[in-house]
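Below: the structure, in structure tokens.
What follows draws every value from the coordinates through simple rules; no lab data is involved. In this text, all values refer to a predicted model and were calculated from it rather than measured experimentally. Heads up, the Cβs are rebuilt from the backbone with ideal geometry, glycines too, and the neighbour counts pull from every protein chain shown.
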Amino acid sequence: MNSSTMATQIHHYGRAFLAPLLQSSCRKPQHLRLISSTTAAAAAAASSSSAAAMEVKVQKFSRLQSLKSELQQEDASLHDFVGGDDDNTNNNNNINNNNSTSTTNYLPQQPIKRKKAPPRSAKILPKPSWLKAVPATSAKYHELRSTVRSLGLATVCEEAKCPNIGDCWGGASSSTSAESNSNNNSINGKELDEFEQHYGTATATIMIMGDTCTRGCSFCAVKTSRKPPPLDAEEPNKVAEAVTSWGLDYVVLTSVDRDDLVDQGAGHFRKVVQRLKELSGGGAGGAENDNGNGEKKEKKKAIIVEALTPDFCGDLDLVTQVATSGLDVYAHNIETVERLTPRVRDRRAGYQQSLNVLGHVKQVNPNVLTKTSIMLGLGETDEEIRTTMQQLRENDVDVVTFGQYLQPSRRHLPVKEYVTPEKFEEWRVEAEERFGFKYCASGPLVRSSYKAGEFFLKNMVREKKREREEAALAAAVV
């Protein structure tokens, strides 16, 4: 074997022997290979998570930018948003639908619950300076309120939040009332003092048949229910006891509507009036009261009773029960002009229905005075007021009162206009001189029963003076 052949064989066998050694030396151990693969997987996962996070951030940023641009394009106010208007709700739904695909995995899908704000009037008028009431601080006021509480009675003065409670219950003199001063021209002061000493001037309006009405008029603050509590059978005695203990001589009885009762409370109303007249001695001249020994007698003051009644759903037989109960003044409020009646009053009330009630009273009891009240400031026109007065006179209504409507709360009808005291005085003159009402009380704070006793007594004084003047004129002619 020559040297070149030997060299070739050594090289061949050397490579064959060294190749496995070289390969094994280049391989990594098993545990090192596992560590390497785990590290690589973690790095890949971290890279993937980072990419996903970046994608979420980009999507959230895009969503935020989209919402910002939407809000910038909208012209809705904060009030519209809180109020939950339908248009805004629809827009929000559209936005949610358009972006639901991109935000399904990242944003909560719970519906947004939004409490709807109560409706408010577009414009709330500020109260003028002339709407100021007398504060309820007098001793007479506290005496009346204490009796009402102790007997469990209700008064419309409190339930309807009347601003005149301090004035009426306190028996303030006529000099404190702007409405009284405007009507004081023809009254002799000495005559009025004599009448007030005998009759008194404090007026309270007792609300019988409970404090919950079955109707819901848009102007009234009295609470309502479809099924009020049952009537109190002892109420006629309680009312008579309260009024006689107060020493009042003019009392106004009113009631809630009780459409849930068969006779709508007419029989109960009649019992209260009759019991009151019975305890007070009946007629206008009063009655003598024996002291028990048959020797000394004193004359009871006669109580003048005014009944401010519901319409009894137009059932004239029920109206007759109250009209013939012995009362002196039958009042039923028409409230507003015919055009506004459906909006102002409960759907079960009616403009013509009220006229029918007032007209029927005079047919069954010609000697009773009939009275009604009209609120101003609800959007009525002067001609509508005149038409209403004319229709009232056609139904032989004797007395009308005008007062400013005041919104009891934001849930009630808003005030359209504050009528000035001068305009109220114009309505008083027109009612008495043009339309022939026997008496008209008119003023911003006048209510149907506001100082009713004082106004009624002044009217009586006027009538007496007019009768004397006519008698003197007749005597002079003879």
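Among K227/K423; K223/K271; K277/K362; K271/K416; K277/K438; K223/K362, which pairs are too far apart, with a Cα-Cα distance over 30 Å?
Correct reply: K227/K423; K271/K416; K223/K362.
Using r as the Cβ-Cβ distance of E469 and S218, and R0 as 51 Å, what FRET efficiency do you calculate, to the nearest 0.05?
It comes to 0.65.
Once both labels are modelled 7 Å past Cα along the beta-carbon direction, what's the R386-L316 spacing in nm?
Simple spin-label model gives 3.1 nm for this pair.
Averaging sequence separations of C-alpha pairs under 8 Å and six or more residues apart, then dividing by the length of segment 305-452, give the relative contact order as a whole percent.
Computed value for segment 305-452: 22 percent relative contact order.
Can you give the charge dipole size of segment 395-454 about its Cα centre, rounded to the nearest 20 debye, using +1 on the beta carbon of Lys and Arg and -1 on the beta carbon of Asp and Glu?
Roughly 480 debye for segment 395-454.
How big is segment 301-364 by Rg and Dmax over its Cα atoms, in Å?
Just the Cα atoms of segment 301-364 yield Rg and Dmax of 12.7, 44 Å.
Looking at segment 329-404, what % of the alpha carbon pairs are farther apart than 20 Å?
26 percent
Compute for segment 369-454: radius of gyration divided by Kirkwood radius, i.e. Rg/Rh, restricted to C-alpha atoms, rounded to two decimals.
0.96
Restricting things to Cα coordinates, could you compute the convex hull volume per residue of segment 222-274 in Å³?
That works out to 93 Å³ per residue.
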